[in-house]
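What follows is calculated from the coordinates using simple rules that are stated; it is not laboratory data. All figures in this text were calculated on a predicted structure; none of them were measured in a lab. Note: ideal-geometry Cβ built from the backbone for every residue, glycine included; neighbour counts use all protein chains shown.
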Amino acid sequence: MQAFTTHKGKIAVLDRANIDTDQIIPKQFLKSIKKTGFEEGLFFDWKKKPDGSLDPDFPLNRPAFRGASILVARNNFGCGSSREHAVWAVMQGGFRVVAAPGLEREGQKIPAFADIFAGNAVKNGLLTVELSADDADRIFRLAAAAPELEGEVNLPSQTFRVSAGGKEMVFHFQIDPGVKDYLLKGLDEIGLTLEKKEAIGGFEGRRAPWLTPSPSTR
């Protein structure tokens, strides 16, 4: 997969919480056995009217958000079913980064991203950035006041820079060190395992012969 270091692009905001995978990519688009062609289904039931025309009231249909590659939404993004197609649709729709806030409510943490969606994102090179609720609010307020937002996400420094109309804000985010390593190297689990190929071969060479399967049984 493509490595992630820094990314600059236009920001689109979707001020909704609990965006589930059924809305990200509806079930009728899951028939394909390929991993491509899912961009048409991204938010299909929200972005289209019953007659098939684009709904101008859906935020991502606004001209100011066309060509955006960074998406900012609310908490619990990607909840619902575990379909990996949701990540494929987001990426094929042009997004390399999705940012969302985690919340604390009545002593319970509401995640920024559903666990399975976040795991699928890592495996496909999509960066998920967890913001604080206050930082997310600041971005939404800026988006309401400015026609277009620009963003720069720097994974090595773990910063998210947002600018519009001469104003600039910089947010710092946390990320699991292992996830960060996956993305910086552009490697999935298989690629990371192959980095240890020599060590694995050496271990197998030291095993007792009766514990090592013959080539015909591997």
For the chain, take the longest principal axis of its alpha carbons; what is the angle in degrees between that and the long axis of helix 197-206, to the nearest 10 within 0 to 90?
30 degrees
Which value results for Rg/Rh of segment 38-194 when Rg is the Cα radius of gyration and Rh the Kirkwood radius based on the inverse mean 1/r?
0.97
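How would you rank 148-155, 101-108, 183-190, highest first, on the average number of other Cβ atoms within 10 Å across their residues?
Final packing ranking: 148-155, 183-190, 101-108.
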Under 27 Å from residue 27, Cα to Cα: lysines that are on another chain or at least 8 residues apart:
35, 47, 48, 49, 123
Please list, in order along segment 148-161, the HN-Hα scalar couplings obtained from phi with the Karplus expression 6.51 cos²θ - 1.76 cosθ + 1.60 (θ = phi - 60°), rounded to whole Hz, x for Gly and Pro.
9, 10, 10, x, 9, 10, 10, 6, x, 8, 6, 10, 10, 9
Please label the shape of segment 101-197 as rounded, prolate or oblate, based on the square roots a ≥ b ≥ c of the eigenvalues of the alpha-carbon gyration tensor (a/c under 1.5 means rounded; beyond that, a/b larger than b/c means prolate, else oblate).
oblate
Quick note on 36, 21, ordering by fewest other C-beta atoms within 10 Å, gives 36, 21
Helix 115-124 vs. the chain, principal-axis angle (Cα, 0 to 90°, nearest 10):
70 degrees
log10 I(q)/I(0), Debye, Cα-only segment 38-109, no solvent, q = 0.14 Å⁻¹?
-0.53
Asserting the computed 222 nm helical MRE of the chain (DSSP H runs at least 4 long, -39500 (n - 2.57) per run, divided by residue count, to nearest 500) equals -8000 deg cm²/dmol
For 10, 197, what ranking results if the residue with the fewest other Cβ atoms within 10 Å of its Cβ goes first?
197, 10
